[in-house]
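Participant: Could you have a look at this structure, given as C-alpha cells, before my questions?
The values are calculated or read from the model by the stated rules, or taken from the named source; none is laboratory data. Computed from a prediction, not measured in an experiment: that's the story for all the values here. Don't worry about glycine lacking a Cβ; one is built from the backbone with ideal geometry, like all the others, and counts go over all protein chains shown.
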Amino acid sequence: MKTSDDFSRRLLIWHQRHGRHDLPWARTRDPYRVWLSEIMLQQTQVATVIPYYQRFLARFPGLPELAAAPVAEVMALWSGLGYYARARNLHACAGVVMRDHAGSFPQDATAIAKLPGIGRSTANAIAVFCFGAVASILDGNVKRVLCRHFGLPGIPGQPSVDRELWRLADSVLPRRAVGTYIQAQMDLGATLCTRTKPRCGECPLAGSCVALSQDRVLQLPESKSRKPLPSREVRVLLLIEAGRVLLQHRPPSGIWGGLLSLPELPEDAEPSAYAASALGCAVNRFETLAPLRHNFTHFRLTLLPLLGQATFLPHVAESAGQCWLARSELAAAALPAPIRSLLEAAFPELGRG
C-alpha cells in the first residue's frame, strides 16, 4: 500500500471512533455556516468559539441578514472573541457575496479565496465541505501534524516551508471521503498532536512519525525565537454621569478597530483639563483604580483607569465618535474584553444592566 494511502486510511479509521462528531458546524454543507465556523476558529479554540457561533447564527441566520446589518452590531456580537479584523472582513464578505454573487458563495476554491478575509486554506475548506472539492488545507493543526509526521524543519509561515507543507498535504490527500479526511486531520491536531503534551501513544500515525522516532516531537514545528514583548501603559478615563459611562469609537483599523473603548489620556495631559477641553466634561477629582494588564501578540498593554464623576459643559461641542451608554446597554455593546472587564470590576452592577 502506498504511504499516502496508508496515511489517510489510518486517519479515517481513527476519526470514525475518536473524531469530534458533535461540533455544531459538523455535518453541514451550508457554506454560510462552514465559512462562519472557519473564520471564528482562526487562532481561537473550539470551546471559546461555540457560544459565539450559536449567538451569531441566532442573530444572523444567513448571508442576507449579516450583509444588511450595521457593522457595529456585528462587532458587538464579536466582542470578546478577539482578532477583530475577522469580524470586519466577515461583514464585508457577506456584502460582496450578496452584491457580486447573487447571494450564493462561489463553488470554486480560487474564486472563494478572492473574497474578503478568506485565504487559500479557508477557501479550500469551504470548497471541500460544501461543494465536494478535492483539495488540501493548512490550518495550524494540520501544519503541526505534517511537520511532525514528516520531520519537516523550518518555521511555518516562511514561504519555502509553506510550499513544502502544501506539497506534503497534497501528497497524502485521498481522492474519496475528502471532507471526512480533512476533518480528521484537524481533529488529530486539536486532540492528540497538540502543541504541548501530545498524546503520541494514542496517535494512529505514531508508527510512521519521523518526529516521534527521532524524539523531536516537542521541537517540531520549529518556532521563531521569542523576543521579550515591549510594554505600553495607557491612562484611560472612566467618566460616569448619571449612571452612564462615556465611551469612544476606535478607528476602523488597528487595535480594537471599530469597537467602543474608554477615552485615552494623552501622555502628558492633565486629566481634568483634558476631560474639559476634549470631552466636554467637568471632573473635579479622579480616583486611581487598579491597573488591568492585557497581552497582545506583539506587545503588553497596561491600562491605568482614572475614575471621575462628570458633569456636562454645555459650551463645549461633543467630540465626534463619543457616546454615553447606560448600564443596561453595556451587555450588548461592542467592547473589547479588557475594557468590559475593567468596567465590571469598577462597577459590577453595570454589567448586569
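Participant: If we keep just the residues of the stretch 165-178 that are touching a residue at least 40 places away in the same chain (Cβ under 8 Å) and crowded, with 17+ Cβ neighbours inside 10 Å, which is nearest to the chain's Cα centre (by Cα)?
Facilitator: Checking each candidate, the answer is Val178.
Participant: Evaluate the stretch 242-250: report whether one residue or more is more than 30 Å from Leu11 (Cβ to Cβ) and loosely packed, with under 11 Cβ neighbours inside 10 Å.
Facilitator: yes
Participant: Look at Ala127 and say whether it is without any contact (Cβ under 8 Å) to a residue 24 or more places away in the chain and either touching a strand residue (DSSP E or B) at 6+ places or on another chain (Cβ under 7 Å) or at positive phi (or both). It would help to see each step written out before you state the result.
Facilitator: Working: without any contact (Cβ under 8 Å) to a residue 24 or more places away in the chain: yes; either touching a strand residue (DSSP E or B) at 6+ places or on another chain (Cβ under 7 Å) or at positive phi (or both): no.
For Ala127, the condition - without any contact (Cβ under 8 Å) to a residue 24 or more places away in the chain and either touching a strand residue (DSSP E or B) at 6+ places or on another chain (Cβ under 7 Å) or at positive phi (or both) - is not met.
Participant: Is the stretch 249-258 home to any residue that is of a type in the set (Phe, Trp, Tyr) and modelled with pLDDT of 90 or more?
Facilitator: Residues of the stretch 249-258 of a type in the set (Phe, Trp, Tyr): 256.
So of that shortlist, the ones also modelled with pLDDT of 90 or more come out as none.
Scanning the stretch 249-258, I find no residue that is of a type in the set (Phe, Trp, Tyr) and modelled with pLDDT of 90 or more, so the answer is no.
Participant: Looking only at the stretch 221-244, which residues are part of a loop (DSSP other than H, G, I, E, B), in contact (Cβ under 8 Å) with a residue 60 or more places away in the chain and within 24 Å of the chain's Cα centre (by Cα)?
Facilitator: Restricting attention to the stretch 221-244, the residues satisfying the condition of being part of a loop (DSSP other than H, G, I, E, B) are 221-230, 242-243.
Remaining after also requiring in contact (Cβ under 8 Å) with a residue 60 or more places away in the chain: 221-224, 229-230, 243.
Residues satisfying the conditions are Pro221, Glu222, Ser223, Lys224, Leu229, Pro230.
Participant: To continue, here is another question. Could you list, in sequence order, the residues of the stretch 1-42 that are assigned to a loop (DSSP other than H, G, I, E, B), crowded, with 19+ Cβ neighbours inside 10 Å and either under 22 Å from the mean Cα position of the chain (by Cα) or modelled with pLDDT of 95 or more (or both)?
Facilitator: At the first step, the residues of the stretch 1-42 found to be assigned to a loop (DSSP other than H, G, I, E, B) are 1-2, 19-30, 41-42.
If we keep only those that are crowded, with 19+ Cβ neighbours inside 10 Å as well, we get 19, 25, 41.
Residues satisfying the conditions are Trp25, Leu41.
Participant: Sort out which residues of the stretch 192-216 are part of a helix (DSSP H, G or I) and buried (at least 16 other Cβ atoms within 10 Å of the Cβ), and write them in order of number. Spell out the reasoning first.
Facilitator: Let us first name the residues in the stretch 192-216 that are part of a helix (DSSP H, G or I), namely 200-202, 206-208, 210-213.
Across the stretch 192-216, the qualifying residues are Ala206, Ala211, Leu212.
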